[in-house]
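Single-structure report; data block below.
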Amino acid sequence: ADFAGFEPLNAKTLPQRLGQLPALLDTAGGPAENWQVREVGDGNLNLVFIVEGSAGTVIVKQALPYVRLVGDSWPLPLKRSFFEHKALTRQEERDPGSVPRILHFDGEQAIIVMEFLTPHVILRRAFIDGRQMPRASRDLGLFLARTLFRGSDLAMPPRERKEELAVFADNVELCDITENLVFSDPYFDAKLNRHTSPELDGIVAQLRADRDVKVEAQVMKHLFANKNETLLHGDLHTGSVMVTETETRVIDPEFAFYGPMAFDVGVLLSNFWMSYFSQSGHGERGAMQAYLLNGVDEIWTTFRAEFSRLWRGERNGILYQRTLFEDQGDHLGSEQALSRVLAEIWTDALGFAGCEMHRRILGLAHNADFETIDDSAVRARCETKALKLGRQLLVGRRHIHSVSEVNDLAEQLE
Ligand code: ADP
Ligand code: MG
Ligand code: MG
Ligand code: MG
């Protein structure tokens, strides 16, 4: 796409511009001039419209040539819509039913039309409201295992995987955001940073003077930028998950690229731990805290079990070939390799989780979990615990071997 004719949509022009598309007309129902169009607009980057017709409702998401949160002083390419669409397609292939159904894609206009998820709510919102969502952790563990395994050299034909790697390697600008915002900006006085001040000034100064923290954050950045292992979601926080009591869907994979499996795992776990630390700022939340720590355990346990199942049944790629193990009668060999791979994902995930905690409290993009705590002294107490756990995970990750060890550390801080 060359984007020469790109025009941002608005509530008035949307029915005129999209009103003839069969995919939209079928789902929303005509005539288009009767559509009710609302902009949702709680995202940081893009336009999202809810389009309601006589027969149903659809979502229309459009990228803008800049970062919505910041404005046109921060350009961001429209091609991110292409990567989002392609990643949604791959995720649907690899974990059917895990993402919204795609109804239409227009690369030139950076528009994705998709299924309107209802009565789904954003998982982060549910957690802030103190709602336990019984399916979320298990479904997310499955999503992680299936998408990460099936996009890698453990499963894919090598030519296909290398072609995908090359396509997603062009998502440079969104990777650049993560590389700066997650791994560097929190650790110095970067221009777009903010934190709860003056309450956190002391601990922030300490972290930024902490050489081990800075070095380990760069080790994580090195992994992020260079370990082109599988197709990542790239932004898998609890704001990218929509749930009901019985269903879980993952949205918004515009940061997708080939990176380390542990990144998606670490970001997701980190957001559960941050929600845990935020709970005391929202009220009497003992049951919710227990639910969240248990949720981390369930994500990791499910991930490990499903990844192991795929390892034993779908390991048809170029890595750890059956030729060397099962075909030689050496079942223990492939199990030993599996343990090693899982242990490395775990260790790296803790490092990414630590950076994610720091950046959500010290960087540009904060979490509603903490932001919705109005009393800044209370908020700072919650954030301090997360900053401390973040350091322990980032610097101490090689010595932490289980979820229960991390959950114990979290409970000690609480
Ligand atoms: P951004 O890339 O700008 O963060 P998102 O894809 O996260 O945009 O969408 C922003 C918001 O729009 C979401 O938080 C959610 O409330 C709503 N939304 C997005 N996609 C859907 C969908 N398929 N069904 C229902 N709501 C959606
Ligand atoms: Mg989003
Ligand atoms: Mg499912
Ligand atoms: Mg997004």
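Quick check, is Y291 closer than 23 Å to I400 by Cβ and among the aromatic types (F, W, Y)? Criteria met by Y291. Only one entry of R315, R249 meets the criterion of being buried (at least 17 other Cβ atoms within 10 Å of the Cβ) and more than 18 Å from the chain's Cα centre (by Cα), and that entry is R315.
For the range 261-288, enumerate the residues that are more than 17 Å from M357 (Cα to Cα) and either within 13 Å of the chain's Cα centre (by Cα) or within 16 Å of ligand 2 (Cβ to nearest atom) (or both). Of everything in the range 261-288, just one residue is more than 17 Å from M357 (Cα to Cα) and either within 13 Å of the chain's Cα centre (by Cα) or within 16 Å of ligand 2 (Cβ to nearest atom) (or both), namely M261. Out of F263, F277, F255, one residue alone is crowded, with 23+ Cβ neighbours inside 10 Å, of a type in the set (A, V, I, L, M, F, W, C) and in contact with a Cys (Cβ under 7 Å, 6 or more places away or on another chain). It is F277. Look at (1) touching a residue at least 12 places away in the same chain (Cβ under 8 Å); (2) within 16 Å of ligand 4 (Cβ to nearest atom) and you find that W74 fails only one, number (1). Among the conditions (1) assigned to a helix (DSSP H, G or I); (2) touching a residue at least 40 places away in the same chain (Cβ under 8 Å); (3) not basic (K, R), the only one that L342 does not satisfy is (2).
Hey, does the range 154-161 have a residue that's among the hydrophobic types (A, V, I, L, M, F, W, C) and under 30 Å from G56 (Cα atoms)? There is no residue in the range 154-161 that is among the hydrophobic types (A, V, I, L, M, F, W, C) and under 30 Å from G56 (Cα atoms). Among the residues of the range 299-309, not a single one is free of Cβ contacts under 8 Å to residues at least 24 places away in the same chain, crowded, with 18+ Cβ neighbours inside 10 Å and in the same structural domain as E173 (by TED's automatic domain parsing). Residues of the range 22-60 that are more than 26 Å from F82 (Cα to Cα) and either within 16 Å of ligand 4 (Cβ to nearest atom) or in a helix (DSSP H, G or I) (or both): E33, N34.
Checking the structure you have, find out if any residue of the range 105-120 is among the hydroxyl-bearing types (S, T, Y), away from ligand 4 (no atom under 16 Å from the Cβ) and touching a helix residue (DSSP H, G or I) at 6+ places or on another chain (Cβ under 9 Å). No: the range 105-120 contains no residue that is among the hydroxyl-bearing types (S, T, Y), away from ligand 4 (no atom under 16 Å from the Cβ) and touching a helix residue (DSSP H, G or I) at 6+ places or on another chain (Cβ under 9 Å).
The values are calculated or read from the model by the stated rules, or taken from the named source; none is laboratory data. Just so it is clear, the model here is predicted, and its values are computed rather than measured. Because the Cβ atoms are built from the backbone with ideal geometry, glycine has one as well, and the counts that use them run over all protein chains shown.
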